[in-house]
1. How many of the residues in the range 104-143 are assigned to a helix (DSSP H, G or I) and within 22 Å of the chain's Cα centre (by Cα)?
2. In this structure, does THR101 turn out to be outside any loop (DSSP other than H, G, I, E, B) and not hydrophobic (A, V, I, L, M, F, W, C)?
3. Out of (1) surrounded by 12 or more Cβ atoms within 10 Å (Cβ to Cβ); (2) within 31 Å of the chain's Cα centre (by Cα), what's the single condition that is false for ASP267?
4. From (1) more than 23 Å from the chain's Cα centre (by Cα); (2) free of Cβ contacts under 8 Å to residues at least 60 places away in the same chain, pick out the condition that doesn't hold for MET245.
5. Can you run down the residue pairs with Cβ atoms below 6 Å, 6 or more apart or on separate chains, where the first is in the range 325-342 and in contact (Cβ under 8 Å) with a residue 60 or more places away in the chain and the partner is β-branched (Val, Ile, Thr) and assigned to a strand (DSSP E or B)?
6. State all residues of the range 151-191 that are assigned to a helix (DSSP H, G or I), over 14 Å from the mean Cα position of the chain (by Cα) and closer than 25 Å to GLY242 by Cβ; if no residue qualifies, say none.
7. Have a look at THR20, THR42 and point out the one that is touching a Gly at 6+ places or on another chain (Cβ under 9 Å), of a type in the set (S, T, N, Q) and assigned by TED's automatic domain parsing to the domain that holds ALA143.
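The values are calculated or read from the model by the stated rules, or taken from the named source; none is laboratory data. Since this is a predicted model, take the numbers as computed values, not measurements. A quick note on method: Cβ atoms are made from the backbone with ideal geometry, for glycine too, and the neighbour counts reach across all protein chains shown.
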Amino acid sequence: MPTRFHRITMIGIGLIGGSTALALKRADPSLDIRGIDPDRSTRAAAREQGTCDEVAGPTDAIVGEWLSGDGSDLVIICTPVSAVRGWFENLESGGFTGVITDVVSTKRVICEIADEVFSRPVRYIPGHPMAGREVSGIEAARADLFEGAYWILCPDAGTDPDDFAALHDLFKMAGARIISIDRERHDEAVAIVSHVPHMVASALVAQAGDHSDRSQGLLRLAAGGFKDSTRVAAGSPELWCGIAMDNREALASGLHEFRTILGGFEDAIATGDDARLMELLSASARLRRSLPARWIPDSSRLTEMRINMTDRSGVIAEVTGYAGQAGCNIQSISIDHISEDSAILDLVLTDEGDMGRLCGLLMTAGFNVSFRPVAPEE
């Protein structure tokens, strides 16, 4: 799949930055991928492993060229939130004209920084790949890290539709499934499916650790289920402390909700209410079984949806937001500009989600929608 991003600068080349570079290089070896990282050993590893074509430290002169004007087609920020402001300021002072995205796991803070730093409209589309490992650093980077994983993009009213389509296709090259979520909803959503589970896993390990002092060899008895459910607790404490503080409101709310749900299990067990416990366990079991182990789109069930639209500010965020609400995965996206202010948005959807609901949302919003099955040979 061709991409219009040929010169890509990664700021931070640890687990996520390194994996992104490896995945994109695997998909298209002709890409010119540059890596910026303050750690000398990380830069050396990236050079030796072929993760990046060029590497540099933050203060190296070449970095100014990469981050100014049209020095890069795309900049991907893969740093902790605490480092983002400085890099935004570098891009602002350099008059960078390319597209900017990030992989930071919270969006409220980073979007606030963008609003404060950038004095002109910028081509910034926040992003977040829902993938990771219990180990960190470039040594843990893998080209297949994003295979089948969700990669969230958060367009808004100022997002250029062509920039969104290009970024969508680029990360699809990395093996990811792209979904769109409102920036305001992002942090609440990831708190529930990522941040709360991490805190729960850490609490489970802490509980086992407390009991291991009184019961010799307890941790040696930990079976596969315990190890699987607590695997993420081995992640970087510094990284996860930062994530938790950046998303503290949504995370605290999610933990409070979890405590309420857990209390329901506790009450049913303490009172011997086996009917209630069976109800709780059955509901969770049904939901868990509905989650596929590894989702693979059925190429014989792809659907093309064509949407006539006015090429106006915010339209791409509106349409992709409806797709996210309906749980539909966009396999590919293209825009056919008919005139200066009209276009046809062409989406190819996988067999996931509620397509009927998506059509209803679009038609209620005033869009003219048509769709047809895509033949496998197409």
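1. The total comes to 11.
2. On the way: outside any loop (DSSP other than H, G, I, E, B): yes; not hydrophobic (A, V, I, L, M, F, W, C): yes.
When the stated conditions are applied, THR101 passes them.
3. Going through (1) surrounded by 12 or more Cβ atoms within 10 Å (Cβ to Cβ); (2) within 31 Å of the chain's Cα centre (by Cα) one by one, ASP267 breaks only (2).
4. (1)
5. Close Cβ pairs (under 6 Å, with a partner that is β-branched (Val, Ile, Thr) and assigned to a strand (DSSP E or B)) amount to GLN331/VAL348; SER332/VAL348.
6. Passing the criteria: only GLU184.
7. Among THR20, THR42, only THR42 is touching a Gly at 6+ places or on another chain (Cβ under 9 Å), of a type in the set (S, T, N, Q) and assigned by TED's automatic domain parsing to the domain that holds ALA143.
Here's the yes/no breakdown for (1) modelled with pLDDT under 95; (2) of a type in the set (S, T, N, Q); (3) closer than 23 Å to TRP240 by Cβ:
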site: PRO38; (1), (2), (3): no, no, yes
site: ASP53; (1), (2), (3): no, no, no
site: LEU74; (1), (2), (3): no, no, no
site: CYS78; (1), (2), (3): no, no, yes
site: VAL81; (1), (2), (3): yes, no, yes
site: GLU89; (1), (2), (3): no, no, no
site: ARG108; (1), (2), (3): yes, no, yes
site: PHE118; (1), (2), (3): yes, no, no
site: VAL122; (1), (2), (3): yes, no, no
